[in-house]
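Q: Next up is a structure, given as structure tokens.
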Amino acid sequence: MMGEKAERGVTVESFLYENIADRMARLIRKGTYRTGEKIPSVRSFSKQMDVSISTVVKAYYHLENQGLIEARPQSGYYVRHQLSRVLPEPDVGLSVSAPTHVSVGELVMMVMRDMRNPGLVPLGVATPNPENLPADKLNRILFKVARCNNFQAISYEFPPGNERLRVQLAQRALRAGCSLTPDQFVITSGCLEAVMLSLRAVCRPGDTVAIETPIFYSLLQLIEMLDLKALEIPTHPINGISLSALRYALENNPVQACLVIPNFNNPFGSRMPEENKQELVMLLASHNIPLIENDVYGDLGFLNDRPGIAKRYDKKGLVIHCSSFSKTLAPGYRVGWVVAGQFQEAIERLKAVSNIATATLPQMAIAEFLANGGYDQYLRKIRGVYGRQTSLMAKAVEKYFPKGTRVNTPSGGFVLWVEMPVGVDSIQLYEEALRCGITIAPGTIFSASGKYNNFIRLNAAYWSKRIEQAVATVGGLANAQV
Ligand SMILES: Cc1ncc(COP(=O)(O)O)c(C=O)c1O
């Protein structure tokens, strides 16, 4: 039995809480406590184990970080749904093709038009379910900050943007391992604008941008709109962009920028290991190529630990870090930011010329929410929800889709990338699903060169009987094509 005396001294105590965590982990693995079940309260487990409450709190926190348990507000700790590796990972080749002009525009516009239709089941669009967002609290805060800042709230908030928000962002960057000051941030109207300003600051028409593949289609649209070429670099479903393929591509092509989503990218949900992020930054710095880092999903990892950002390894001011609150708090507020290093002045100027400023009130509301609204508590809850739902949806894909279908195991975010047997045509599937009142995102729009026709992306931010039924319907349609 572990007595209180053993708890004296830091070394002994760290040993002790790990020991307690191990015991609980074993009970979970052996099925004493099963998925979804409540585990003993901190108080009762401390009595059972004869250790202090603070030791059990530490042990439970440790298990939470490992993704084994989750805290539910005012209720206690529960065993989390484990992200089982339900199907083999999708296959990605390692070959790099030549830079290509992008022309995904029309197809994407058609898909986006359908995604906007509220009457359709939303398996296609990668937006959070508004019912899971803290809408009531945000709206109350919005009202309060408007009332308390009468004139300021209706005035321009010229670049670099709301100071209180930039202070909050600088404080939060520390959690991602990066020490930044408020004056290094420029507030933008969402992450996409941040990326667009970054591309405009570092590229000229005709230049080549190295990008991950597959990649979120709106980023391809940006590249197309700015008359740039895309050099597609294969991405591993778990570790992110292939550094060996990128190294080879840089040695054989003139590249003016590199655009990557290191944390929980869309559509893989992969998480680059920290050493890969560092190597990526160093590799690009050795060629003097700016890295545009898109971290829009960075707060949504399932393991409750905030991964680092590539910006933390930046020694030359060449990493341009972009993000927003569109996936976490309020896509409609259009509040994002960019930390642009060497390119800050250029980006501030481009922002002012493009649209003068980002709307003032949403910036104020988010600043107040970050300061006093319980953002971290909310994140803990929502990460658990997305972890559970991606796992449930992956299981549904396993059940309903054709034999040989593969789905990735995301580490964060809320989308799934599904590879169906060769021969299944995702555009045909898209049209058939639409006739059944369901939207999906066909794989081809995630590539500049027409790849991924037998892939689709599914949104797991929503989960209900109706959604499961929709997954079954799409699976049935895919089966009919095999
Ligand atoms: C990777 C990625 N970047 C950017 C965006 C858009 O962000 P925002 O709405 O903040 O412009 C999305 C939305 O789906 C996304 O998945």
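The values are calculated or read from the model by the stated rules, or taken from the named source; none is laboratory data. What you are looking at is a predicted structure, and each value in this text was computed from that prediction instead of being measured. Backbone-built Cβ (ideal geometry, glycine too); neighbour counts: all protein chains shown.
Q: Tell me which of these Y248 doesn't satisfy, since it passes every other one: (1) in contact with a Leu (Cβ under 7 Å, 6 or more places away or on another chain); (2) modelled with pLDDT under 95.
A: So the condition that Y248 fails would be (1).
Q: Right, here's the next one. Just give me the residues in region 337-379 being of a type in the set (V, I, T), surrounded by fewer than 17 Cβ atoms within 10 Å (Cβ to Cβ) and within 17 Å of F185 (Cα to Cα), in sequence order.
A: Here is the first cut: in region 337-379, the residues of a type in the set (V, I, T) are 338-339, 347, 353, 356, 358, 360, 366.
When the remaining residues are screened for being surrounded by fewer than 17 Cβ atoms within 10 Å (Cβ to Cβ), the result is 353, 356.
Matches in region 337-379: I356 only.
Q: Follow-up. Please specify each residue of region 250-271 satisfying the condition of being under 15 Å from A285 (Cα atoms) and assigned to a helix (DSSP H, G or I). Give the steps one after another, and end with the answer.
A: Going through region 250-271, the residues under 15 Å from A285 (Cα atoms) turn out to be 250-251, 254-260.
Within region 250-271, L250, E251 qualify.
Q: Another question about this same structure. Show the residue pairs that are 6+ apart or on different chains and have beta-carbon atoms under 7 Å apart, the first residue being within region 110-130 and under 12 Å from A441 (Cβ atoms), the second being within 12 Å of the ligand (Cβ to nearest atom) and of a type in the set (G, A, S).
A: Note: pairs meeting the criteria are V111/G124; V111/A441; M115/G124; G124/A441; T127/A461.
Q: Filter region 296-332 down to residues that are part of a loop (DSSP other than H, G, I, E, B) and near the ligand (Cβ under 9 Å from one of its atoms), then give me how many there are.
A: Pass one, region 296-332, residues part of a loop (DSSP other than H, G, I, E, B): 296-300, 302-309, 314-318, 325-330.
Checking which are near the ligand (Cβ under 9 Å from one of its atoms) leaves us with 296-297, 325-327.
Qualifying residue count for the region: 5.
Q: Would you please name the residue that is nearest to the chain's Cα centre (by Cα), looking only at residues in region 14-60 that are under 12 Å from Y77 (Cβ atoms) and of a type in the set (S, T, N, Q)?
A: Filtering region 14-60 for residues that are under 12 Å from Y77 (Cβ atoms) and of a type in the set (S, T, N, Q), the one nearest to the chain's Cα centre (by Cα) comes out as S41.
Q: Among E293, E279, which is among the charged types (D, E, K, R), more than 16 Å from the ligand (Cβ to nearest atom) and either without any contact (Cβ under 8 Å) to a residue 60 or more places away in the chain or assigned to a loop (DSSP other than H, G, I, E, B) (or both)?
A: Exactly one of E293, E279 is among the charged types (D, E, K, R), more than 16 Å from the ligand (Cβ to nearest atom) and either without any contact (Cβ under 8 Å) to a residue 60 or more places away in the chain or assigned to a loop (DSSP other than H, G, I, E, B) (or both), namely E279.
Q: I'd like to verify a number: residues in region 418-443 that are away from the ligand (no atom under 16 Å from the Cβ), under 18 Å from G124 (Cα atoms) and not in a strand (DSSP E or B), how many? Step through it out loud before you land on a result.
A: First pass over region 418-443, keeping only residues away from the ligand (no atom under 16 Å from the Cβ): 418-438.
Now drop any that are not under 18 Å from G124 (Cα atoms), which leaves 418-420, 424-438.
Remaining after also requiring not in a strand (DSSP E or B): 420, 424-437.
Going through region 418-443 one residue at a time, the tally reaches 15.
Q: Could you list all residues from region 190-219 that are within 26 Å of A359 (Cα to Cα) and either outside the structural domain of F268 (by TED's automatic domain parsing) or touching a strand residue (DSSP E or B) at 6+ places or on another chain (Cβ under 7 Å) (or both)? Please lay out each step first, then the result.
A: Here is the first cut: in region 190-219, the residues within 26 Å of A359 (Cα to Cα) are 190-202, 216-219.
Of everything in region 190-219, those that are within 26 Å of A359 (Cα to Cα) and either outside the structural domain of F268 (by TED's automatic domain parsing) or touching a strand residue (DSSP E or B) at 6+ places or on another chain (Cβ under 7 Å) (or both) turn out to be G190, C191, E193, A194, V195, L197, S198, L199, V202, L219.
Q: Consider R271 against the criteria (1) among the basic types (K, R); (2) within 16 Å of the ligand (Cβ to nearest atom); (3) at pLDDT 95 or above: it satisfies all of them except one. Which criterion is unmet?
A: (3)
Q: In region 148-163, how many are out of contact with any Asp or Glu (no Cβ under 8 Å at 6 or more places or on another chain) and in a loop (DSSP other than H, G, I, E, B)? Lay out the reasoning, then the answer.
A: First, pick out the residues of region 148-163 that are out of contact with any Asp or Glu (no Cβ under 8 Å at 6 or more places or on another chain): 148-158, 161-163.
When the remaining residues are screened for being in a loop (DSSP other than H, G, I, E, B), the result is 149-151, 155-158, 161-162.
Number of matching residues: 9.
Q: Still on this structure: Output the residues belonging to region 333-361 that are within 16 Å of the ligand (Cβ to nearest atom) and among the basic types (K, R).
A: Listed by number, the residues that qualify are R334, K351.
Q: Another question, if that's okay. Can you name every residue in region 164-197 that is in a loop (DSSP other than H, G, I, E, B), within 9 Å of the ligand (Cβ to nearest atom) and among the polar types (S, T, N, Q)?
A: S189
Q: Which members of region 198-213 meet the condition of being buried (at least 23 other Cβ atoms within 10 Å of the Cβ) and either assigned to a strand (DSSP E or B) or within 11 Å of the ligand (Cβ to nearest atom) (or both)?
A: V209, A210, I211, E212, T213
Q: Something else: Looking at Y386 and the list (1) within 14 Å of the ligand (Cβ to nearest atom); (2) buried (at least 22 other Cβ atoms within 10 Å of the Cβ); (3) in the same structural domain as V167 (by TED's automatic domain parsing), which single condition is not satisfied?
A: All conditions are met except number (3).
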